[in-house]
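Derivation of every value follows stated rules applied to the coordinates shown; laboratory data play no part. All of these numbers come straight from a predicted model, not from anything done at the bench. Positions of Cβ are backbone-derived with ideal geometry, glycine not excepted, and every protein chain shown enters the neighbour counts.
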Amino acid sequence: MPASSAPGADRRAPVVLAFDTAASACSVAVGRGATVIARERREMRHGHGEALFPMIERTMATAEFVPADIDIVAVSVGPGGFTGIRAGLAAARGLALAADARLVGVTSFAAVAALMPKRATALLVALDSRREDFYVQIFDAEGHPCGEPATILPDDLGRFVNSAIRDMPLCIAGDAAEGAANALGARDGITTAANSAPDAAGVLTATMVGGKTPDARTRPLYLRPADVSFPKGRRGIIAP
């Protein structure tokens, strides 16, 4: 049986190519509708741009699709590493244009939330910012965001959560879930989701199932300025 006819895949559903280069990994997923047919993931801090296209070629070949089959290109818009986000967005725009496909952007928070099973608790998605704070966003039990994403120091996380959900039970997911749970150590009713780092499978699922979570404008989500230093006597120029 061809991979593109995998069990559970609706042959009438759109073919989706999804990838995530915003976090500390590069991942690619290909599917029909919300059914992932092939995927690949490599842990990395740097070099997403160089790794991405070979991973796309391998994943597309495994799924037995060609570029002309793609109906939707979905990409993570962050937050995360600046270079990774920009590389992913540039690749997504080029691929969508070449394939005449719809382009969709999904936040890393929505990608994590989309893969969480149904629950009766609020969800805190906590992501590694590579600094001492967390990137965070809270979702209700239905998967709808409870406010905007933010950067929060560990000492301030309790107040942030309490202001959004008071004393509701809380599940924490994301690649900084354990650190966030430790910061909320005195709070009752906390569970953590293992192996819930941002991934292309979540980008694909959020695109097809999340409904209200994808940001089709595909603008990068930066929660802080870039870390850039210039030699003495030179001024930085920020492109529009």
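How much of the pair distance distribution for the range 116-192 lies past 16 Å, counting alpha-carbon pairs only, in percent?
When every Cα pair of the range 116-192 is considered, 40 percent fall beyond 16 Å.
Run the quick spin-label model on Tyr222 and Glu43: label points 7 Å from Cα toward the beta carbon, then report their separation in nm to one decimal.
2.9 nm
Among the complete DSSP H segments of the chain, which ones combine at least 20 Å of alpha-carbon extent along their axis with a mean Kyte-Doolittle hydropathy of -0.5 or more? Let's see the in-between values first.
Numbers: long enough: 48-63 (22 Å, 0.14); 82-99 (26 Å, 1.13).
Helices passing the filter in the chain: 48-63, 82-99.
Using amide H atoms built in the peptide plane, which far-off residues or other-chain residues are under 5 Å from Phe134 H to H?
Result for Phe134 returns Ile152, Leu153.
Just to be sure I follow the definition: excluding the sites themselves, where is the longest run in the chain that has none of the GluC sites (Glu not before Pro) in a DSSP loop with at most 10 other Cβ atoms within 10 Å? Could you put the intermediate results ahead of the total?
On the way: sites that count: Glu132, Glu142.
Within the chain, the longest run free of exposed GluC sites (Glu not before Pro) spans 1-131.
From the P(r) of the range 36-136, could you give the percentage of C-alpha pairs in the tail past 25 Å? If you can, show how the numbers build up before the last one.
Details: 1329 of 5050 pairs.
Tail of P(r) above 25 Å: 26 percent of Cα pairs.
Evaluate the distance, in nm, between pseudo-label points positioned 7 Å from the Cα of Glu148 and of Glu178 along their respective Cα→Cβ axes.
Distance between label points: 3.3 nm.
I'd like to know which of Ala51, Ile37, Phe82 lies farthest towards the positive end of the charge dipole of the range 13-88, counting +1 on Cβ of Lys and Arg and -1 on Cβ of Asp and Glu.
Phe82
Summing -39500 (n - 2.57) over the DSSP H runs of n ≥ 4 in the chain and dividing by its residue number, what mean residue ellipticity at 222 nm do you reach, to the nearest 500 deg cm²/dmol? List each step's numbers first, then the result.
Details: 6 runs with 63 residues, N = 240.
The helix contribution divided over the chain gives -8000 deg cm²/dmol.
Taking mean projected area of the Cα convex hull in nm² straight from the coordinates, which label in [x] 15.0; [y] 14.3; [z] 11.5 is the correct one?
Computed from these coordinates, mean projected area of the Cα convex hull in nm² corresponds to label [y].
Under 10 Å, Cα contacts only: if you run a Gaussian network model on the chain, which one of Ala183, Ala23, Ala63 comes out with the highest mean-square fluctuation?
Evaluated over the chain, the most mobile residue of the options is Ala183.
At what distance in nm do the modelled label points of Ala186 and Ala13 sit from each other, each positioned 7 Å from its Cα along Cα→Cβ?
Those two pseudo-labels are separated by 4.6 nm.
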